[in-house]
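The values are calculated or read from the model by the stated rules, or taken from the named source; none is laboratory data. These figures come from a predicted structure and were not determined experimentally. In this analysis, Cβ positions are derived from the backbone assuming ideal geometry, glycine residues included, and neighbour counts consider all displayed protein chains. The protein model used for the area step is the full one, side chains on, heavy atoms only, and it has no ligands, DNA or RNA in it. Shrake-Rupley method; radii C 1.70, N 1.55, O 1.52, S 1.80 Å.
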Amino acid sequence: MILSVSLFSTMQTNKRQSTTKKQSLPERKISTYKPNIWKYDHLLTLTSEYSEGKYKVEAEKLKEKVSCTFSNTICPLDLLELIDSIDKLGLSCYFEVETKEALKKIIMSVKTSSSSKEENLYSTALCFRLLREHGHHASQDMLKDFFDGKGKLKVSDVKTLLEVLEGSYMSMEDENLLDDTRLFTTKNLKSLVSKSDYTFTNKEYNLSNSLSFPLAWRVKWYDVRKHICAQELECNNTNPMLLKLAKLNFNIVQATHQKDLKHVLRWWRNVSIVEDLNFTRDRIVESFFYAVGVASEPQQGSMRKWLTKVIESVLIVDDVYDIYGSLAQVQQFTRAIETWDPNAVEGLPECMQICFRSIDRTTVNVSISFQEKKGDASRKPILKQVWQSFCKELLLEAKWDSKGYTPSFLEYLDNKWKSSGGNVLSIHVILGLSQDFSQVIDFLENEQDLIYYSSFIIRLCNDLGTSAAEQERGDVPSSILCYMREANVKEDVAKRRWIWLNRKEQIGDGFGVQDRETRQQILSSLVEPLPLK
């Protein structure tokens, strides 16, 4: 966020100084963020007929009809494709039992299939990916027999190449066969894309997506509508009952999301943050959208709401340190967070006091929400710790900025993964999803790598997407600028170090600039229902 998910050319920022009769205020950076694009009054009027109970009854009837498809499907490949369609259409929660039983039955069947080798590779690759996605063991050796003596796959069928490519992204550390497979299939697919005389079929609509962002990197719910539309075009190959259920379910879930969105919009207005923190990013809709990516299922409404508040709080605190507060003020703010003492913010500007109170209330409410659902020890101490760590790293950046200091590349990365907000968000999500608090404590003590790498990716994505604006404001140098200076290379050379994130750079993160791809994603996911006919 968040998955989720600042790098380039230096520009000197114009700074302003306002005065009062009593004293001069500290110089502040000028916020270059664009105003909010969403009309909250309009969003608060959103209503959906699909919130009515009769549509849930209809969905249950359709579910029963689709369930029969599992028992009526004998061919292992057909069963695999059914499971794949159910996953992509956002219907996994309806068929958890059927899917689990089906996957157990087809593993050996796919291996011993008497179909042609190329078709067998497709079904084996599909089986491999689905097994790993659903938490089953699947060895990379499942694909080994399909390589020739020169270490190459004998396949030219685009459908098979795509499935093999998607499966290769499920690789783990030291799985060299899958790494080699990914290189081979990527090369061959790019070669096909470059041929001007090649015509892609509907089944291959996602070729460019797979090359840029494979399924393993994507948020499933964000793609559900695209998959529904794509399968609708392939009407001859799609179960009509399954497609009807997918469209109905999408609208039912969207109606639930709309109710939750209106809840957080009312909260956003009631806390008066919009009016009093006019220097910060008003991105509550985008924050909710990212929360939906983490918790999309209807029953996860509580988590969507509090996670939205946490994401927006991260943005506000980041802007307090980056844009608004003087060094002395953010030092005092950091001390207040470290002691978690409301009295410690006295004397700070009102907007910074509001910011502290908002974090305090949100943390208390999130902790209470955890206790009500889990019924065990309070999570509040851990939540306080992650906010304290986050603010300490932001303070370090503020000190760098005040001195005009450019850190080394490694020094930058060591700080920035902690100040990306990924640490705060990851731990909130882990606490929210966990059922056993003791397991969370063990995880936080022994499995820091997951949080580190997810936060690291968030930082680099953020650098690529918002670097120019941050440089214009005069923020602390980004990772790319640090690398450029340390390695004495030009901007384009430094960017190539992050070439695998190139598309993210074009899209942005939706928080700095709203009116790019994120805007359309929000409209299609949260606002516009699917026509059922």
For this session: Name the single residue, out of those in the stretch 400-427 being loosely packed, with under 14 Cβ neighbours inside 10 Å and charged (D, E, K, R), that is modelled with the lowest pLDDT.
Result: ASP414
Seminar exercise, completed: Residue pairs within 8 Å by beta carbon, gap of at least six or interchain, first lying in the stretch 353-376 and open to solvent by less than 50 Å² (accessible area, probe 1.4 Å), second at pLDDT 90 or above and among the acidic types (Asp, Glu), listed first then second, are GLN353/GLU346
Exercise. Given the structure, is ILE323 crowded, with 19+ Cβ neighbours inside 10 Å, hydrophobic (A, V, I, L, M, F, W, C) and in contact with a strand residue (DSSP E or B) (Cβ under 9 Å, 6 or more places away or on another chain)?
Worked result: yes
Exercise. Given the structure, is ILE337 among the β-branched types (Val, Ile, Thr) and more than 22 Å from the chain's Cα centre (by Cα)?
Worked result: yes
Seminar exercise, completed: For the stretch 258-287, pairs from a residue that is farther than 17 Å from ASN365 by Cβ and open to solvent by 50 Å² or more (accessible area, probe 1.4 Å) to a residue that is β-branched (Val, Ile, Thr) and at pLDDT below 95, with Cβ under 8 Å and 6 or more apart or across chains, are ASP276/ILE354
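Conditions tested, residue by residue: (1) farther than 25 Å from HIS257 by Cα; (2) surrounded by 14 or more Cβ atoms within 10 Å (Cβ to Cβ); (3) in contact with a Gly (Cβ under 9 Å, 6 or more places away or on another chain).
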| site | (1), (2), (3) |
| --- | --- |
| GLU49 | no, no, no |
| LYS63 | no, yes, no |
| LEU80 | yes, yes, no |
| LEU91 | no, yes, no |
| TYR94 | no, yes, no |
| ASN120 | yes, yes, no |
| SER139 | yes, no, no |
